[in-house]
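Notes follow once the structure below has been shown.
All of the numbers you see were taken from the coordinates with simple rules; none came from a lab. The shown structure was predicted, so the numbers you read here are calculated from the model rather than taken from an experiment. When we count neighbours, we look across all protein chains shown, and the Cβ atoms used for this are built from the backbone with ideal geometry, even at glycine.
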Amino acid sequence: MLKWIDIVKFINNGNPVPDRRVEKTDAQWVLLLEPEQFRVTRKKGTERAFSSEMCSYFEPGKYACICCGTLLFDSAQKFESGTGWPSFTQPVKQNAVAYHKDISFGNVRVEALCATCDAHLGHVFPDGPQPGGLRYCMNAVALKKVESTERKATFGGGCFWCTEAIFKLLKGVVAVESGYSGGKIANPTYKEVGSGKTGHAEVIEVTYNPAEISYDELLRVHLSTHNPTVLNDQGTEIGTQYRSIIFYRSEEEKAMALKILDDVQQLYNQLVVTQLEPFEYFYKAEDYHQDYFNKNPDAGYCQAMIVPKLEGFKELYKDKLQPNLQAND
Ligand SMILES: [Zn+2]
């Protein structure tokens, strides 16, 4: 998660390098864009406040640069700022947006540009919602909404090396990232979370296609692949960061989770202790935790703990595995 101090560093020391570059002359852009889009993005214009309905759109989806199509923002980070311009708290990737000092009109402001094509997008201010505290005040004409059917789900059920490895096998799961949710500070490190003092749980963020796998099915997989009756303890992993938890993103998801927790309770004599909390933030864990099992299959922990778990899982969920893992029979 970017904070104001990071933006200041980018301005002083250089912006992160984008994944690709798109460079065209004004003569080329003017042919590709509508006049207002050209004026704002290529000539650093500002659209009239409250001129776009985009301010009040909060449906799931992503926002891309009108000029080059690079994804810039996700609706999950969009908020109602009341300014009359669409406002976000974070870009989708740290290298999606570039920052420059803007001293026009006698003010010192931070200009936000598309890092790929240098389109002027708007400005960034340090008065956004916590924990990041940033407000990307954007011109709606500089953005286009990209419809997305993908959804996200966030679960904790012990060590994320294990849960990530399991969910990656499921058909309809597009991506799984390991990280931390449910704690008190932004951008916690593994060490801080491991101390148990930050309140975060080790979680996975699952991106899935609801046409192929439902939230209901993901919940059932989650609750059948760890022990939901044990508080803060999944075998060798003990501590609140290993608690069993479901983060819901809507009242529908909450109702579905309550129903399935009730079903799961029927299978146990002990009380199911899985927590159910509204989703707030997911902080991606350090790179070496991502895809840990596939990168370190021979590590002692993987062999002892994850391999047997995956074998049992593959047997139980044969028909729900990614197509390349399904047996040919
Ligand atoms: Zn662009």
Task: Selected from Gln270, Thr163, Ile185, residue furthest toward positive end of dipole (the chain; charges at beta carbon) - done: Ile185
Task: Most fluctuating residue given options Leu143, Leu316, Leu121, as computed from a GNM of the chain linking Cα atoms under 10 Å - done: Leu316
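Taking R0 as 25 Å, what's the FRET efficiency between Glu212 and Tyr301 from their Cβ-Cβ distance, rounded to 0.05?
Working: r = 31 Å, r/R0 = 1.22.
Once the sixth-power term is evaluated, E becomes 0.25.
Which FRET efficiency value, to the nearest 0.05, is calculated for Asp19 and Gln270 with the Förster distance at 51 angstrom and r the Cβ-Cβ distance?
Plugging the Cβ-Cβ distance into 1/(1 + (r/R0)^6) gives 0.55.
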Open item on the list: Which one, Val176, Asn209, Tyr288, projects farthest toward the positive side of the charge dipole computed for the chain from Cβ point charges (K/R +1, D/E -1)?
Closed with: Tyr288
Open item on the list: Are there any trypsin sites (Lys or Arg not before Pro) in the range 128-215 that are in a DSSP loop and have at most 14 other Cβ atoms within 10 Å? List them by number.
Closed with: Lys184, Lys197
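Provide the net charge surrounding Thr198, with neighbours chosen by a C-beta distance below 11 Å and charges set as Lys +1, Arg +1, Asp -1, Glu -1. Present the calculation step by step, with values, prior to reporting the outcome.
On the way: positive: Lys184, Lys191, Lys197; negative: Glu192.
Net of charged neighbours comes to +2.
Pairs Lys3/Lys44; Lys62/Lys314; Lys93/Lys295: which are spaced more than 30 Å apart, C-alpha to C-alpha?
On the way: Lys3/Lys44 24 Å; Lys62/Lys314 33 Å; Lys93/Lys295 23 Å.
Flagged as over cut-off: Lys62/Lys314.
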TODO: Might you report the magnitude of the Cβ-based charge dipole of the chain about its Cα centre, with Lys and Arg at +1 and Asp and Glu at -1, to the nearest 20 debye?
DONE: 920
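If each residue's Cβ is checked for other Cβ atoms within 10 Å, how do Ser87, Ser195 rank with the fewest at the top?
On the way: Ser87 23, Ser195 12.
Ordered by Cβ neighbours within 10 Å, fewest first: Ser195, Ser87.
Working out 0.36 nm times the residue gap between Phe58 and Asn294, then minus their Cα-Cα distance, what length gain in nm do you get to one decimal?
Details: separation 236, 0.36 × 236 = 84.96 nm, distance 3.59 nm.
That pair, Phe58 and Asn294, stretches by 81.4 nm at full extension.
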Task: 20 °C / 1.002 mPa s Stokes-Einstein diffusion coefficient of the range 151-325, Kirkwood radius on C-alpha pairs, µm²/s - done: 133
- [ ] Determine, for Ser250, Ser244, the number of other Cβ atoms within 10 Å of each Cβ, and report the residues in order from fewest to most.
- [x] Ser250, Ser244
- [ ] At most 15 other Cβ atoms within 10 Å and a DSSP loop assignment: could you name the GluC sites (Glu not before Pro) in the range 209-313 that fit?
- [x] Glu212, Glu280, Glu286
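Would you compute, from DSSP H runs of 4+ residues alone, the mean residue ellipticity of the chain at 222 nm, taking -39500 (n - 2.57) per run and dividing by the full residue count, rounded to the nearest 500?
Values: 9 runs with 77 residues, N = 329.
That calculation yields -6500 deg cm²/dmol at 222 nm.
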Open item on the list: I'd like the FRET efficiency for Lys191 and Asn107, computed as 1/(1 + (r/R0)^6) with the beta carbon distance as r and R0 of 41 Å, rounded to 0.05.
Closed with: 0.50
Open item on the list: Taking the square root of 5 times each eigenvalue of the Cα gyration tensor, what semi-axes in Å does the equivalent ellipsoid of the range 54-97 have, largest first?
Closed with: 17, 11, 10
TODO: Once you have the Cα-Cα distance between Val146 and Glu280, take 0.36 nm times their residue separation minus that, and quote the gain in nm to one decimal.
DONE: 46.0 nm
Open item on the list: To the nearest 20 Debye, how big is the dipole of the range 4-146 about its Cα centre, given +1 on the beta carbon of each Lys and Arg and -1 on that of each Asp and Glu?
Closed with: 220
- [ ] Just name one of Gln241, Thr89, Pro228: the one whose Cα is farthest towards the positive end of the charge dipole of the chain (beta-carbon charges, Lys/Arg +1, Asp/Glu -1).
- [x] Thr89
Open item on the list: Can you divide the C-alpha Rg of the chain by 2.2 N^0.38 Å and report the result to two decimal places?
Closed with: 1.12
Task: Debye intensity ratio in log₁₀ form over the Cα atoms of the range 4-146, taken at each q of 0.18, 0.19, 0.20, 0.21 Å⁻¹ - done: -1.04, -1.18, -1.32, -1.46
